[in-house]
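Colleague: Structure provided below as structure tokens; questions to follow.
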Amino acid sequence: MPIDDPRLRDLLEQSQDLHHDAMRATHASLDELVELGHDDRRAGHRADVQADSQAGGEVPSSVTTRSLLSGLPTGGVLAAAGLGTAMVALLASPAFAGKTADVQMLQTAASIENLAVATYTTALGLDFIGGGSANPVVKAFVTKTKDQHADHAKAFNAAVTRLGGKPQDQPDPALLKVVEQAKPSLTDAGAVVALAIELETGAAATYVANVPQLANKNARAVTASIMGVEAQHVAILNAVQALVTAGAADLIALPPDAAQLPAAAGSVGFPVAFFSTTDARPATEGAL
Amino acid sequence: MKIRRRREIAVSEAELTALTADLADAHHDTLPGMLAAANEMGASRRSFLLGAGALLGGVAIAGSGLTNGLGSGLGLGGGSGIAGASTRAAKSSGLTGDLAIVALAASLENLAVATYQAGIDAATAGKLGAVPPAVVTFAQTAQSQHRDHAAAWNGVLTGAGKQAVTGVDLTVKKSVDQAFGSVTDVPGLAKLALDLEEGAAATYLAAIGAVKSPAGLATAASIHPVELQHAAILNFLLGEYPVPQSFATTTGARTTSDKIG
């Protein structure tokens with residue numbers, strides 16, 4: 001979708017340069033993930049995985065044990081290790097590989113990103129978001145944000161694939177219902193922004209919740225590199241929503257007339273000091 | 001503090017204020033849970049350090065794969081090797097492993113609180129010209145949140161039987177002081193704040209690759225997005241595109257080799 005404003009176009013081009021730098025770093029994480037995945041398959045048993053972890057390598061054994069064995073009675077270190085070895089033997093089989101907690105979390109993340117792309121695409125089809133009557137900054141933001149979610153989906157699916165799982169090309173089914181129910185009410189910018197806030201908050205909360213749960217260090221790195229970006233989307237959408245709700249949509253501009261912004265607009269974007277996981281989606285929700 | 005006269009948006013201002021009050025309540029609901037998680041990390045670290053955790057001493061960021069740009073926005077020098085950094089961490093703070101990273105985080109948060117205070121003081125003294133009310137609210141709220149972050153990290157340290165970090169990251173402060181000396185207006189201050197926020201966010205992202213404790217990971221994961229939210233709003237206020245990258249990076253991350261005091 002073409003961006004008409006020259007200033008916005010320049011900013012987006014600068015952003016694209018930064019983006020390419022960041023993509024290189026993300027690809028490095030994914031490349032490491034491939035190598036480590038190969039190493040894991042070659043190793044084939046838990047003892048080697050534990051050795052990798054202790055050497056600063058991959059899959060911290062304690063975390064893996066916790067996620068796989070939660071709810072089971074513990075019988076000391078040796079008992080846990082024995083069961084762990086059996087679980088790794090299971091994990092080494094292709095049929096089970098796609099069912100690991102890490103893969104499921106990454107699949108769900110990809111499905112959330114797929115839904116975000118679809119939703120922003122729908123929004124851009126609305127005249128007041130992507131057409132002639134749209135605020136140019138909002139239009140540029142929605143266009144760029146859709147592209148960023150497409151990048152995220154690719155990154156999550158690359159991680160899924162490299163961990164032996166099936167990439168997800170479908171949207172999160174539970175969130176899809178929310179979007180479908182909301183569609184008839186998307187009659188103005190405020191309604192679209194409210195829906196976007198809901199999706200972005202859910203995505204960020206899910207990734208914040210997943211980071212300490214992911215056993216694979218590189219899967220964690222990819223997830224962590226995305227969660228803050230979703231939180232930034234939330235911050236800007238919160239500010240846009242506040243201005244739209246206040247009837248001050250004309251103040252949504254780059255650069256803004258800062259002197260004219262209401263005082264509360266300075267803080268409405270970041271309401272809490274610690275990003276909450278309350279809205280996190282279940283880890284398996286999008287693992288189809 | 002000089003406040004520019006602004007266009008009247010009476011209804012919207014009331015609505016926004018009410019909304020902000022609701023959000024502040026939400027924040028205070030979140031804070032106790034986060035402090036509990038941080039304390040849990042402190043308690044687990046205390047027992048951990050008495051046992052096999054000693055093996056991890058001096059390898060705070062070993063294996064993180066991070067070679068960072070170290071405060072690039074503030075003109076700080078390039079990063080040293082991770083292994084070297086972690087060795088020096090033990091000398092600098094007397095802490096190793098996760099706790100050295102926690103101390104670094106607390107010192108960065110303290111520096112952010114102090115820098116925002118210096119900015120607020122300069123604005124109040126009329127040294128920055130007219131200050132838009134939204135900028136005032138931003139600075140006050142961001143400062144308050146950094147204070148909460150520092151409290152969370154210090155809760156980990158005291159929970160582990162260590163002293164809270166009351167000082168700041170002196171390595172970064174040197175550059176901040178230098179930059180602050182040439183700040184004469186609100187955009188100048190906002191750019192300085194942006195560098196600090198991006199550096200903090202990068203450090204947390206690096207920490208997520210290094211911290212072993214799940215509670216520590218959870219705490220870092222809950223703070224990193226908030227620092228990036230601060231950065232997004234600052235970018236917006238500066239007229240820059242607010243979410244310039246699809247992926248956050250560790251460029252500009254600090255290491256535990258920084259001097260704290």
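Colleague: Only one of these is at pLDDT 95 or above and assigned by TED's automatic domain parsing to the domain that holds residue A:154: A:253, A:248, A:215. Name it.
Modeller: A:253
Colleague: Could you grab the pairs with beta carbons closer than 7 Å, sequence gap of 6+ or different chains, first residue in the range B:127-149 and over 14 Å from residue B:229 (Cα atoms) and facing chain A (nearest Cβ under 8 Å), second one assigned to a loop (DSSP other than H, G, I, E, B) and among the basic types (Lys, Arg)?
Modeller: Close Cβ pairs satisfying both conditions: B:130/B:2; B:130/B:4; B:132/B:4; B:133/B:6.
Colleague: For the range A:147-175, name all the residues that are basic (Lys, Arg), farther than 11 Å from residue A:113 by Cβ and surrounded by fewer than 21 Cβ atoms within 10 Å (Cβ to Cβ).
Modeller: Listed by number, the list holds a single entry, A:166.
Colleague: Could you grab me the full set of residues in the range A:259-288 that are farther than 24 Å from residue A:104 by Cβ and either touching a Phe, Trp or Tyr at 6+ places or on another chain (Cβ under 9 Å) or in a loop (DSSP other than H, G, I, E, B) (or both)?
Modeller: A:261, A:262, A:265, A:266, A:267, A:268, A:269, A:270, A:271, A:272, A:273, A:274
Colleague: Just checking, does the range B:222-231 include any residue being within 7 Å of another protein chain (Cβ to nearest Cβ) and of a type in the set (D, E, K, R)?
Modeller: The answer is no, given that none of the residues of the range B:222-231 is within 7 Å of another protein chain (Cβ to nearest Cβ) and of a type in the set (D, E, K, R).
Colleague: Here is a list of conditions, (1) within 7 Å of another protein chain (Cβ to nearest Cβ); (2) surrounded by 21 or more Cβ atoms within 10 Å (Cβ to Cβ); (3) not small (Gly, Ala, Ser), and residue A:207 meets all of them except one; can you say which number that is?
Modeller: (1)
Colleague: May I ask you to say which residue of A:192, A:234, A:178 is aliphatic (A, V, I, L, M) and either outside the structural domain of residue A:127 (by TED's automatic domain parsing) or surrounded by fewer than 24 Cβ atoms within 10 Å (Cβ to Cβ) (or both)?
Modeller: Every option except A:178 fails the conditions.
Colleague: Quick one: in the range B:195-210, which of the residues that are within 9 Å of the chain's Cα centre (by Cα) and touching a residue at least 60 places away in the same chain (Cβ under 8 Å) is farthest from residue B:180 (Cα to Cα)?
Modeller: Among those that are within 9 Å of the chain's Cα centre (by Cα) and touching a residue at least 60 places away in the same chain (Cβ under 8 Å), it is B:204.
The values are calculated or read from the model by the stated rules, or taken from the named source; none is laboratory data. Note that this is a predicted model, so its numbers are computed, not measured. A quick note on method: Cβ atoms are made from the backbone with ideal geometry, for glycine too, and the neighbour counts reach across all protein chains shown.
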